[in-house]
Each structure stands twice: as structure tokens, then as C-alpha cells.
Amino acid sequence: MSTSSGLIKKTPFYDKHVAAGAKMAEFAGYYMPIRYDGDIIEHLRVRTNVGVFDVTHMGEFYVSGDGAMEFLQKMTVNDVSKLALHQAQYSAMCKPDGGIVDDLIVYRYADKFMLVVNAANLEKDFNWLKSHCPANAKLENVSDNIALLALQGPNAMNVLQQLTTVNLSNIKFYWFDEGEVDGVHMTISRTGYTGEIGYELYFDEKYGDKIWNAVMKAGEKFNIGLAGLGARDTLRLEMKYCLYGNDIDETTHPLEAGLGWITKLKKGDFNGRDVMLKAKEKGLTRLLIGLEVEGRIPARHGYDVMKDGEKVGIITSGTFSPTLQKAIAMAYVDTRFSENGTSLTVNARGRSLSAKVIPTPFYNGNPSK
């Protein structure tokens, strides 16, 4: 990655974003495209057709050596031993008190694991892992060498298949393959943050221009378009995918965040396990739930959730859903008020918004599996 004045970095696609008229802003140490044509246009582009995201700001670490698996078993909540070759796994790292250091994806290669972490936590995550890394495991930060493009939407496979001999229909959700796209060797991962079928392409950043041009040309017949961080946020919220710093952080643990499905308490010891076992035994005091909010005013991060004049929770993420055409939000609420159908109110800067607890994900249109 090249650096600009100061410490803010540019991805290999910076000039492409500027040429496309993107609104650029600093995000997690990078100049990133917030939007191009408008958040709603880009959101619906991904839901109905295909959109391209630059997500090079994400962090990538390699973990190798004889002790790699044992190390990752201790550091992450999911069961790394269950990963087959070329399989990926959503997981989280916790502190001993159960607080979430970060959520991440673990990829299993023949000779190593790759961890993909949130951009804003890259340095913190690397230092955390390094401080626990045993002598028989090797930890490398390769983030600055890897470009990451995401193709997401119903036509993602049709676009990408033109550029590779890898049979994309054979790659299942949360699996990946290694092969060439337009002659460039890369990891082709069936993952994404949108709820649509999609692929994330990990490759050497020096081929940024070549791959960008090839993807956009292959997508012309499908009216391919770009999507920025604004659309990425509303897409993930419709799926109730957690955003670190909003919905999860070091003050929340996976069970209350609805991440019990990735938290394998029976796998053996790992950071935070004892605390989570005790919390489960005692009963959780709060849960991250989905809310449908009446009207078009979004319930924003930090707004209080009320029941009969008493504060019972707090909004973590909220938006007006472009797909569903209604206001939706995620919130931590007292477990007593977490049942679907429960009526609540949201204090939106003094304005009271009616809300009710509803099942999640909010959007079920194109299941990824």
C-alpha cells in the first residue's frame, strides 16, 4: 500500500475510486470510498445484481508452525480443529474476562492459517496475538501486501467465472479455493458481509490495476457497479451481522451478542471460556436483539431503549432499510424484554419512537448457503 501525507494509507484502488467520483474519507487509517452513486443505489445494486467493494483495509495475518492450531484454539472461540483444508470459519478473540477483542475469519491452508481481522483493530489484534504466541508458532502481519476485492450479489458468480477456470459453483459458503483470476494467483473465498452470494479475492497488491480492470470489464454485460462503505453498513445490518465498535467490543461477550453459535464451550480451554460458562449458568442479563422501529426515523447508535419509562437497553446500530423499506435496529436489552413481539420505545434525542422486537436476520431474500 502506498502512503499519502501523514500516516493515512491508500489502497491500490485509490485512483480508481477518485476517477469514479467516490466520496473519500479516512477510515481505519486508509482513504476509503464511502459512496459513489449513493448509498441506496449501491445497496440495491448488491441485492439485485452485483457490486464491487474495495476492502483492502482489512488486516491479514498468517499463523504457521507446529503449534499454530493449538495457539488458535486458545485464542479464538470457535473450534479450529474442525476446519478442513480450504475451509473458512467465522470466529472471535476474547480477553480472559470474555470481552471481545475482535471478530474475525480463520482460513485453513495446507501449510498455514490466515486470520482476517477488522481494519480498525489491526494493530491491537496483532499485538494481542503476538503477546500470546508460543515459540512453536509463527505469526506474520501480511496486511500491507494483500489487496482485497469483494464481488457481491446475485450475478457475482456470472461475472467472476469469466475470469477463472476454477469452478465457482463448487465453492460452498465459507469455503475457498486457490487459483488464477485473469492470470493472477489468488485466494477465491465464498464469503462476504452482505447476505448475498459473493466472493472475496485476496491477491498481491501489485496486481491491483490488472484485476480491477478485468473484473469491471467482465461485469459490463451485467451492468456491474461499485459500492462503498455506506452501502456495506446497511447491507450487513439487514443481516444482523455485527460491526465491531458498535455491536460488539471489549465490554460485550459472544453469548450476549448472539454469537453462541460460534462459541464452542466444549472444545477445551480458551480465553474467556470460564467467564462465559458462568454467565450461561447464571443466565444472561442482556441480549443483542433486532428491532423494527415505527416510521422512517432511524434509531441511531447510543439511543436509549425504554419500557414503561425505564431504560432497559441501548441501540448499537440502526438504519432505514433500503430493501425492507422500514427502520430497523440492533440493541442490547434486558433479557426480560428480549422476546419477539415485545413492545418497546426508543428515545431519539427526546423523541419517542415505537419499536418491537422481531426475529433476525431482518432480510432473508437470498440466503448465502
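Here's a check for you: in the range 34-59, which residue that is touching a Lys or Arg at 6+ places or on another chain (Cβ under 7 Å) and not charged (D, E, K, R) is surrounded by the fewest Cβ atoms within 10 Å (Cβ to Cβ)? Here the residue is 34.
Under the condition of being out of contact with any Gly (no Cβ under 9 Å at 6 or more places or on another chain) and in a helix (DSSP H, G or I), the residues counted in the range 233-249 number 2.
Is at least one residue of the range 129-140 under 19 Å from the mean Cα position of the chain (by Cα) and surrounded by fewer than 21 Cβ atoms within 10 Å (Cβ to Cβ)? Within the range 129-140, not a single residue is under 19 Å from the mean Cα position of the chain (by Cα) and surrounded by fewer than 21 Cβ atoms within 10 Å (Cβ to Cβ).
Name the single residue, out of those in the range 192-207 being part of a loop (DSSP other than H, G, I, E, B) and more than 12 Å from residue 157 (Cα to Cα), that is farthest from the chain's Cα centre (by Cα). The extreme case among them is 195. Checking 37, 66 one by one, the residue that is modelled with pLDDT of 95 or more, under 24 Å from residue 323 (Cβ atoms), not in a helix (DSSP H, G or I) and not hydroxyl-bearing (Ser, Thr, Tyr) is 37 and no other.
Screening 311, 267 for residues that are at pLDDT 95 or above, out of contact with any helix residue (DSSP H, G or I) (no Cβ under 6 Å at 6 or more places or on another chain), in a strand (DSSP E or B) and surrounded by fewer than 17 Cβ atoms within 10 Å (Cβ to Cβ) leaves exactly one candidate, 311.
Just need a number here: residues in the range 249-281 that are in contact with a strand residue (DSSP E or B) (Cβ under 8 Å, 6 or more places away or on another chain), small (Gly, Ala, Ser) and either closer than 23 Å to residue 69 by Cα or not assigned by TED's automatic domain parsing to the domain that holds residue 118 (or both). Total meeting the criteria: 1. Checked against (1) in contact (Cβ under 8 Å) with a residue 60 or more places away in the chain; (2) loosely packed, with under 15 Cβ neighbours inside 10 Å; (3) in contact with a helix residue (DSSP H, G or I) (Cβ under 9 Å, 6 or more places away or on another chain), residue 359 meets all criteria but (3). Cβ-Cβ contacts under 9 Å between residues 6 or more apart (or on different chains), taken from a first residue in the range 173-185 that is closer than 12 Å to residue 199 by Cα to a second residue that is outside any strand (DSSP E or B) and among the basic types (Lys, Arg), are listed as 173/190; 173/369; 174/190; 174/369; 175/190; 176/190; 177/190. One residue is enough: does the range 142-154 have a residue meeting the conditions modelled with pLDDT of 95 or more, part of a strand (DSSP E or B), assigned by TED's automatic domain parsing to the domain that holds residue 229 and under 13 Å from residue 63 (Cβ atoms)? Looking for residues that are modelled with pLDDT of 95 or more, part of a strand (DSSP E or B), assigned by TED's automatic domain parsing to the domain that holds residue 229 and under 13 Å from residue 63 (Cβ atoms), one finds none in the range 142-154, hence no.
Residue 296 - would you say it is in contact with a strand residue (DSSP E or B) (Cβ under 9 Å, 6 or more places away or on another chain), closer than 30 Å to residue 154 by Cβ and without any contact (Cβ under 8 Å) to a residue 60 or more places away in the chain? Yes: the conditions hold for residue 296. Can you run down the residue pairs with Cβ atoms below 7 Å, 6 or more apart or on separate chains, where the first is in the range 193-221 and under 20 Å from residue 43 (Cβ atoms) and the partner is hydroxyl-bearing (Ser, Thr, Tyr) and modelled with pLDDT of 95 or more? What qualifies is 193/241; 195/363; 199/189; 200/189; 200/191. For residue 299, the criteria (1) in a strand (DSSP E or B); (2) crowded, with 21+ Cβ neighbours inside 10 Å hold in every case but one, which is (1). Restricting 119, 150 to those that are under 19 Å from the mean Cα position of the chain (by Cα), farther than 21 Å from residue 47 by Cβ and small (Gly, Ala, Ser) reduces the list to 119.
The values are calculated or read from the model by the stated rules, or taken from the named source; none is laboratory data. Note that the structure is predicted; figures quoted are calculated from it, not measured. Don't worry about glycine lacking a Cβ; one is built from the backbone with ideal geometry, like all the others, and counts go over all protein chains shown.
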